[in-house]
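K.L.:
What follows is a single structure, and I will ask about it in a moment.
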Amino acid sequence: PKFVYDFTEGNKDLKDLLGGKGANLAEMTNLGLPVPPGFTITTEACKTYLDSGEEPAALRDEVSAHLDALEAKMGKKLGQADDPLLVSVRSGAKFSMPGMMDTVLNIGLSDKSLQGLAKQAGDDRFAWDSYRRLIQMFGKTVLGVDGDLFEEALEAAKTAKKVAVDTELEAADLKKLVTKFKKIVKTEAGRDFPQDPREQMDLAIKAVFESWNGERAKLYRRQERIPHDLGTAVNVCSMVFGNLGPDSGTGVAFTRDPASGHQGVYGDYLQNAQGEDVVAGIRNTVALAELEQIDKKSYDQLMQIMETLENHYLDLCDIEFTIERGQLWMLQTRVGKRTAGAAFRIATQLVDQGLIDEAEALQRVNGAQLAQLMFPRFDEEAKVEQVGRGIAASPGAAVGKAVFDSYTAVKWSRSGEKVILIRRETNPDDLDGMIAAEGILTSRGGKTSHAAVVARGMGKTCVCGAEELEVDTKRRRMTVPGGQVVEEGDVVSIDGSSGKVYLGEVPVVPSPVVEYFEGRMHAGAEDADELVEAVHRIMAFADRKRRLRVRANADNAEDALRARRFGAQGIGLCRTEHMFLGDRRELVERLILADTEAEREESLKELLPLQKQDFVQLFESMDGLPVTVRLLDPPLHEFLPDITELSVRVALAESRQEPHENELRLLQAVHRLHEQNPMLGLRGVRLGLVIPGLFTMQVRAIAEAAAERKAAKGDPRAEIMIPLVGTVQELEIVREEADQVIAEVEAATGAKLKLSIGTMIELPRAALTAGQIAEAAEFFSFGTNDLTQTVWGFSRDDVEASFFTAYLEKGIFGVSPFETIDKDGVGSLVAAAAKAGRATRPDLKLGVCGEHGGDPESVHFFHEVGLDYVSCSPFRIPVARLEAGRAAS
Ligand code: PEP
Ligand code: MG
């Protein structure tokens, strides 16, 4: 294979091979934009290196050939003593990954070529500054030296000189700093800083390869569900310099506001600076608009390039650029990250501009973003003590205890505390803490700072650059204007949509998007939120496109009504056990423990009207839409007294010589029914077959409720669902009894009920014999919770707390199989059972009602295997509708 591509050879669709950065550099080069020449080493080269521990044999020669070509183009050689070509080496995976080694600039500088650079630039200070940056970046990212050591030395140099910013250090100071930095490298890395330019480059390339498997990169991939086997590309790019004086600088720009989606001039610019200075918040940047005053020519050119890029990518782009002595250079672009709200707004704006169509608009948003928009916000009416305001970097309302380091954030959140991670600025070492925290607050850095970028990516609330807050991480405290001190553990509230910071706990109110779904806010109304408008339109696109219907898991009228407002097209799972709790538990207990038929009949008779009333309400709330009622499912012990507690009670009564006959009888029964593994025991259809009259009572309640609704001119559409079936015989027996009861009710009421009877597919055997089961079932609903549990042999109640963390860490799972369907295992059973079922009964209705029904990735899978509907909790319904629409377009 070819391992190295010149920027002129690639294009934006080669992200798998060239990484995002490389593919887009190539695209810009081909668009004729000013990109410094360079080349990209492919992800294939990285993967080969990581698999074998050695660079592929052909790589060195290919790199040499491309370097020769680059040198010829630039008219100078890498590290050439009198006029050195310098390059940057930058990582760039398919997905942008802040956890990875990013950049080493100024490669090619050495004690020798330093003089040449100084002479060419006519600037000694610049040359020494570039050299110290190289040693610093190389030392940290390639040789693994603790970056703080360099930072501390830099701080010390500034203090010694009594200056505030690094630009005030002069050539002589920087020269001393270089000596100091070299010493740090020697002591910490046990080797000299390499003077050979090619060795510098090769080591940097290898370090980029290896950074793919760094701990932070792995953590980030798990968090973002990025596969571990993609590898990273490496970009080698000729250097341009933003630190050549006031007519130079570096900046970032967005073609639209990544927080609101509005078009305009958004970004930050920093004069006389290089690379990371902007993002790291080392000096204060100015707003991009000010560049117009500083350098009108470059500003105009940049505006034009931004337009070109938007029209080319048909999306918001973010850009890194550098100006070298009045000459503008593009260092990076990509389709930019944005907040969830902006994603919806931009998608509809682009449709209105005629740039994309509805189907494409659906690809520009996703269910996770919609879910995020459904989070509550702070109550604007609340009495609050605002103590600061920073940049609204990532929306949401977060409340928690102040913590000042990542370690404490993780520790406290593990013990159930909600925390806000407060830092001056964050760096990749803070990633764990950011994940653990409810929100992130920094006192430095802009919208493009590490904290902002990472938080937006994770959907975490973030306020950054709240400059009036004095954060003292060493003493674990923060001082707010007026002198009040926030100690570790004090509660703070941060609003990522406004940037406001409050002391204490601010009450939260529902999001406007939820208000809209609830019907309390209307799109098209004069005062309607722009966001609500956009969500309304996107949901309409999705509903037009989708084939999957969306139902709700609901077992009371209140949930059912909410689900309907959210767009549910019926109930896919009513768990009747929830109707047997509370006061009714005792009735069920009596039923289970009944010694005589009479006793059993008695308790069933008492339960019947209660059940019937439940169903009347449910059918009424879902009038005209299907309601799948599942007969009783849970393991027996959930309805019996706790065995330990009961034993204690009996023992106590015995020792006090009090009467305890009833307790004793109960205890004996509980012992008799006790199961080691109740999840695999007497539950579902087994319970129905063992306790005579139980299922028929439920069927009668359903039938009578339906008849009552009919008499009231309603349109009940009940479906009766039998849980935990493993063989068609179970279903046949229950069915026969049910049909008889239904016929009786029909005869007694004169109603024609048209109740359908179907089953859940929750056991591997059911899936494997789906063809037979379909003989007796009018519909299947895949219970993927139990199916996941039984296919994997994982206890759904235990494993997430016990070994899943280890499995996730080891990469055995990218995500819990209880959250996203395991396509290869559980999913393939679902697909096969669907096919076999339909072969027996072509009009078999197919749905899913496990938790996966509301999970975006799983919804796509269920669409692909041809199910008719997904059923999920009421709050997930908009997400499922959206994802079903996306899956179909
Ligand atoms: C399932 O097993 O997926 C299901 C929906 O049933 P429950 O969660 O009630 O066991
Ligand atoms: Mg189940």
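K.L.:
Can you tell me which residue among Phe803, Phe794 is over 25 Å from Ala738 (Cβ atoms), assigned by TED's automatic domain parsing to the domain that holds Cys574, among the hydrophobic types (A, V, I, L, M, F, W, C) and more than 16 Å from ligand 1 (Cβ to nearest atom)?
P.N.:
On the way: Phe794 fails: more than 16 Å from ligand 1 (Cβ to nearest atom).
Phe803 is the lone residue from the list that is over 25 Å from Ala738 (Cβ atoms), assigned by TED's automatic domain parsing to the domain that holds Cys574, among the hydrophobic types (A, V, I, L, M, F, W, C) and more than 16 Å from ligand 1 (Cβ to nearest atom).
K.L.:
Starting from the stretch 427-446, take each residue that is in the same structural domain as Gly267 (by TED's automatic domain parsing) and list its partners that are at pLDDT 85 or above and of a type in the set (Ser, Thr, Tyr), counting only C-beta distances under 9 angstrom and pairs at least six apart or across chains.
P.N.:
none
K.L.:
Which pairs do you get when a residue that is without any contact (Cβ under 8 Å) to a residue 12 or more places away in the chain, found in the stretch 643-666, comes within reach of a residue that is part of a helix (DSSP H, G or I), reach meaning Cβ atoms under 7 angstrom, with the pair 6+ apart or on two chains?
P.N.:
From residues that are without any contact (Cβ under 8 Å) to a residue 12 or more places away in the chain, the pairs are Ala653/Glu663; His660/Val650; His660/Ala653; His660/Glu654.
K.L.:
Which of the residues that make up the stretch 619-637 are small (Gly, Ala, Ser) and either within 33 Å of the chain's Cα centre (by Cα) or within 16 Å of ligand 1 (Cβ to nearest atom) (or both)?
P.N.:
Selection gives nothing.
K.L.:
(1) part of a helix (DSSP H, G or I); (2) more than 16 Å from ligand 2 (Cβ to nearest atom); (3) not basic (Lys, Arg): which one isn't true of Val815, the others all being true?
P.N.:
If we test Val815 against (1) part of a helix (DSSP H, G or I); (2) more than 16 Å from ligand 2 (Cβ to nearest atom); (3) not basic (Lys, Arg), just (1) comes out false.
K.L.:
In this structure, does Pro874 turn out to be closer than 21 Å to Ala718 by Cβ, in the same structural domain as Cys574 (by TED's automatic domain parsing) and away from ligand 1 (no atom under 14 Å from the Cβ)?
P.N.:
Taking the combined requirement at face value, the residue satisfies it.
K.L.:
How many residues does the stretch 333-347 contain that are at pLDDT 95 or above and closer than 30 Å to Leu244 by Cβ?
P.N.:
Of the residues in that region, 1 qualify.
K.L.:
In addition: Would you be able to tell me the number of residues in the stretch 644-672 that are within 17 Å of Arg590 (Cα to Cα) and loosely packed, with under 14 Cβ neighbours inside 10 Å?
P.N.:
Of the residues in that region, 6 qualify.
K.L.:
Quick one: Leu355 ticks every box in (1) in the same structural domain as Asp529 (by TED's automatic domain parsing); (2) touching a Cys at 6+ places or on another chain (Cβ under 6 Å) bar one, so which box is it?
P.N.:
Only one criterion in (1) in the same structural domain as Asp529 (by TED's automatic domain parsing); (2) touching a Cys at 6+ places or on another chain (Cβ under 6 Å) is unmet by Leu355, namely (2).
K.L.:
Moving to a separate point now. When you check His852 against the structure, is it assigned to a helix (DSSP H, G or I) and within 16 Å of ligand 2 (Cβ to nearest atom), yes or no?
P.N.:
On the way: assigned to a helix (DSSP H, G or I): yes; within 16 Å of ligand 2 (Cβ to nearest atom): yes.
Yes: the conditions hold for His852.
K.L.:
Return the pair list, or none, for Cβ contacts closer than 7 Å from residues in the stretch 782-793 that are touching a residue at least 12 places away in the same chain (Cβ under 8 Å) to residues that are part of a strand (DSSP E or B) and more than 9 Å from ligand 2 (Cβ to nearest atom), at least 6 apart or on different chains.
P.N.:
Phe782/Ile761; Phe782/Val848; Gly783/Ile761; Thr784/Val848; Leu787/Ile761
K.L.:
Please verify whether the stretch 855-864 includes one or more residues that are within 16 Å of ligand 1 (Cβ to nearest atom), more than 15 Å from Leu829 (Cα to Cα) and surrounded by fewer than 21 Cβ atoms within 10 Å (Cβ to Cβ). Spell out the reasoning first.
P.N.:
Taking the stretch 855-864 as the starting set, the residues that turn out to be within 16 Å of ligand 1 (Cβ to nearest atom) are 855, 858-859, 861-862.
Applying the additional criterion that residues be more than 15 Å from Leu829 (Cα to Cα) yields 855, 859.
Adding the requirement that they be surrounded by fewer than 21 Cβ atoms within 10 Å (Cβ to Cβ) leaves none.
No - not one qualifying residue is present in the stretch 855-864.
K.L.:
Pick from Leu829, Leu808, Leu846: which is in contact (Cβ under 8 Å) with a residue 60 or more places away in the chain, more than 11 Å from ligand 1 (Cβ to nearest atom) and outside any helix (DSSP H, G or I)?
P.N.:
Values: Leu829 fails: outside any helix (DSSP H, G or I); Leu808 fails: outside any helix (DSSP H, G or I).
From the options Leu829, Leu808, Leu846, the qualifying one is Leu846.
K.L.:
Another question, then. Given the criteria within 16 Å of ligand 2 (Cβ to nearest atom), in contact with a Leu (Cβ under 6 Å, 6 or more places away or on another chain), over 25 Å from Ala557 (Cα atoms) and not small (Gly, Ala, Ser), does Leu636 qualify?
P.N.:
Numbers: within 16 Å of ligand 2 (Cβ to nearest atom): yes; in contact with a Leu (Cβ under 6 Å, 6 or more places away or on another chain): yes; over 25 Å from Ala557 (Cα atoms): yes; not small (Gly, Ala, Ser): yes.
Yes: the conditions hold for Leu636.
K.L.:
May I ask you to verify whether Leu149 is touching a helix residue (DSSP H, G or I) at 6+ places or on another chain (Cβ under 7 Å), part of a helix (DSSP H, G or I) and in contact (Cβ under 8 Å) with a residue 24 or more places away in the chain? Spell out how you get there, then give the answer.
P.N.:
Working: touching a helix residue (DSSP H, G or I) at 6+ places or on another chain (Cβ under 7 Å): yes; part of a helix (DSSP H, G or I): yes; in contact (Cβ under 8 Å) with a residue 24 or more places away in the chain: yes.
The answer is yes for Leu149.
K.L.:
What's the total number of residues in the stretch 523-553 that are among the small types (Gly, Ala, Ser) and under 26 Å from the mean Cα position of the chain (by Cα)?
P.N.:
Kept after step one, since they are among the small types (Gly, Ala, Ser), are these residues of the stretch 523-553: 523-525, 528, 534, 540, 542, 552.
Applying the additional criterion that residues be under 26 Å from the mean Cα position of the chain (by Cα) yields 534, 540, 542, 552.
Looking only at that region, the number is 4.
K.L.:
So which helices (runs of 4 or more DSSP H) stay within the stretch 15-116 end to end and still have 2 or more residues that are at pLDDT 95 or above, surrounded by fewer than 18 Cβ atoms within 10 Å (Cβ to Cβ) and more than 40 Å from the chain's Cα centre (by Cα)? If you could, list the steps in order and put the result at the bottom.
P.N.:
Working: elements: 15-30, 43-52, 57-74.
The qualifying helices (runs of 4 or more DSSP H) are 57-74.
K.L.:
Which number in (1) within 16 Å of ligand 2 (Cβ to nearest atom); (2) over 27 Å from Gln772 (Cβ atoms) marks the one condition that Leu808 misses?
P.N.:
(1)
The values are calculated or read from the model by the stated rules, or taken from the named source; none is laboratory data. What you are looking at is a predicted structure, and each value in this text was computed from that prediction instead of being measured. In this analysis, Cβ positions are derived from the backbone assuming ideal geometry, glycine residues included, and neighbour counts consider all displayed protein chains.
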